[in-house]
Protein chains: 2
Amino acid sequence: MSNMNASPALVRTGLGDQIRQVLIEGITSGRWAPGERIVERRIAAELGVSQAPVREALRHLEALRLIETLPNRGARVRDFTDEDLAEVFPVRAGLEETAADLAVHRMAGQVEGLEVHIARLAAATDRDEEMRHSIAFHREIVEASGNRLLRSVWQSLGIEVWTALSLKRRGTELCGKAAEHAHITEAFRRGDPGVGRMVHDHVMSYAP
Amino acid sequence: MSNMNASPALVRTGLGDQIRQVLIEGITSGRWAPGERIVERRIAAELGVSQAPVREALRHLEALRLIETLPNRGARVRDFTDEDLAEVFPVRAGLEETAADLAVHRMAGQVEGLEVHIARLAAATDRDEEMRHSIAFHREIVEASGNRLLRSVWQSLGIEVWTALSLKRRGTELCGKAAEHAHITEAFRRGDPGVGRMVHDHVMSYAP
DNA sequence: CGATTATCTATGATCGATCATAGATCAGTG
DNA sequence: CACTGATCTATGATCGATCATAGATAATCG
């Protein structure tokens, strides 16, 4: 790499990963406007790397639906509609309901993992931290399902990113849900078979 | 490409796509054994292309969980466990339940799309064709949900491939389910709100 | 002057070569 | 002979350059 300048170092841990982070940050922060073209060579030049790892990063962004690409025509930042933002909730709800139903058996009343996140959520000081702990609570349920495919699919939704976009778009309040988290945890503790539906409805309550 | 020989032509429509097809075919057919290493350069040489499109194809296979890769250590064909094969059903069930609940409203009793697939399934002559029409029935439900994210996630499960692997592993009978498909279609026709659960249970009935 | 076609330009897709890393192999030392 | 470290080998990761395509632009013709 003929890089004796350029952006903050880019430490060695897989250029593709780092470039992806830069691009995600750029898109969520709004530095790259929706609809704006993303030219592989330009990004490569700006970051002082070559085209290949940029392409790799772009494929990840495409999987996250942050960009859209046309064959031989390149990529552009998606123009997220309210519908795009809304579509994620039924999918999450379905996946997390499944996860909860699977998890409730495996947890056998052991809900420490969930309680940790509730505590951290309560201690959160800013909106961003609040969001991350809330998401971590849900991720804990998915992890507890023991279904690796389910985890992988849920992860691939990129909840953090889309939630951040939702918050940016309209100031969706996601607090005030702490009580529901506690109720859900109690349902897990007593092995309530209705916990799946409970989680489902909880997730849908975030939807606009 | 210094290719004046090599495998059947490889027509021009995106090398990555074609290579992916070749690899999927090779893995599902068992020509590539589970655990076997997949060396980018070797594939490239065999197909008379370069490393880049092979890498692209491999990333797709990774997303389909057909291969696993270690950083700097390359890819190998996954050694599918029975658990791997089983994990897909709860995920499908959750997604398709969501899809059905969304679709039942949009369809408003118009179930022609579903009936087409039932008819084709009945007319199927071999096991493979049967499988594809059965899957098409389920895809129709997902499409009818109108939720593009849901469709995208469902597609990314690569149902065809995994079903084929299931059939190969143990001779899972997936026929005899025609009756259930008809029942589900009827539920859609009358707008039965219980259709989601019905689809869920139907999908789970395929599980081992 | 408007429609059609050849050319140009930007850029994605692909290529062949180089760099970097993980293991394997081998040499040296006690 | 076992252990430590240098070297070698295979191969993924990355690079710089070339090829191919889409759209824009200019040239040609009626």
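The values are calculated or read from the model by the stated rules, or taken from the named source; none is laboratory data. The shown structure was predicted, so the numbers you read here are calculated from the model rather than taken from an experiment. Note that each Cβ is placed from the backbone with ideal geometry, even for glycine, and that neighbours are counted across all protein chains shown. Quick note on the areas: whole protein, heavy atoms, side chains included, nothing else; ligands and nucleic acids left out. Shrake-Rupley method; radii C 1.70, N 1.55, O 1.52, S 1.80 Å.
Here the stretch A:15-77 is treated with +1 on each Lys and Arg Cβ and -1 on each Asp and Glu Cβ, and its dipole about the Cα centre works out to around 180 debye.
Computed from point charges on the beta carbon alone (+1 for Lys and Arg, -1 for Asp and Glu), the dipole magnitude for the protein assembly as shown about its Cα centre is near 1360 Debye.
Between 0 and 90 degrees, the angle of helix A:127-144 with respect to the longest Cα principal axis of chain A falls at about 70 degrees.
The Kirkwood radius of the stretch A:112-208, taken over pairs of alpha-carbon atoms, gives through the Stokes-Einstein law at 25 °C and 0.890 mPa s a diffusion coefficient of 175 µm² s⁻¹. Geometric descriptor of chain B, per residue, is 136 Å³ (volume of the convex hull of the Cα atoms). For chain B, the longest principal axis of the alpha carbon atoms and the long axis of helix B:51-63 meet at an angle near 30°. A label point on B:Gly48, set 7 Å along the Cα-to-Cβ line, lies at 4.2 nm from each of its counterparts in the other copies, closest listed first. Both radii come from the Cα set of the stretch B:65-179: Rg as radius of gyration, Rh as Kirkwood radius; their ratio Rg/Rh reads 1.02.
Between chains B and A, what is the buried accessible area summed over both chains (1.4 Å probe, protein heavy atoms, nearest 100 Å²)?
Numbers: alone 11190 and 11200 Å², together 20390 Å².
In total, this chain pair buries about 2000 Å².
A:Ser205 label point (Cα plus 7 Å toward Cβ) to equivalent points in the other copies: 3.5 nm, shortest first. Take A:Arg31, move 7 Å from Cα toward the beta carbon, and the resulting point lies 4.6 nm from the same point in each other copy, nearest first. Taking A:Asp79, A:Asp128 and ordering them by how much accessible surface each has at a 1.4 Å probe, largest first, produces A:Asp79, A:Asp128. Relative contact order of chain B, taken over Cα pairs closer than 8 Å and 6 or more residues apart, is 24 percent. Roughly how many percent of the accessible protein surface of the stretch A:15-77 is carbon and sulfur, given a 1.4 Å probe and a whole-percent answer? C and S atoms contribute 50 percent here. Within a straight-line Cα-Cα reach of under 28 Å, B:Lys168 can be paired with the following lysines, leaving aside sequence neighbours fewer than 8 residues apart in one chain: B:Lys177. Close amide H partners of B:Ile67, meaning residues 5 or more places away or on another chain with modelled amide H under 5 Å apart, are B:Glu62, B:Arg78.
Note on chain A: with a GNM built from Cα contacts shorter than 10 Å, the maximum mean-square fluctuation among A:Thr69, A:Thr13, A:Thr125 falls on A:Thr13.
Taking every protein chain into account, the accessible area of the protein assembly as shown amounts to 49 square angstrom per residue (probe 1.4 Å). Closest approach to the axis carrying B onto A, counted by Cβ on chain B and given in whole Å with its residue, is B:Gly94, 2.
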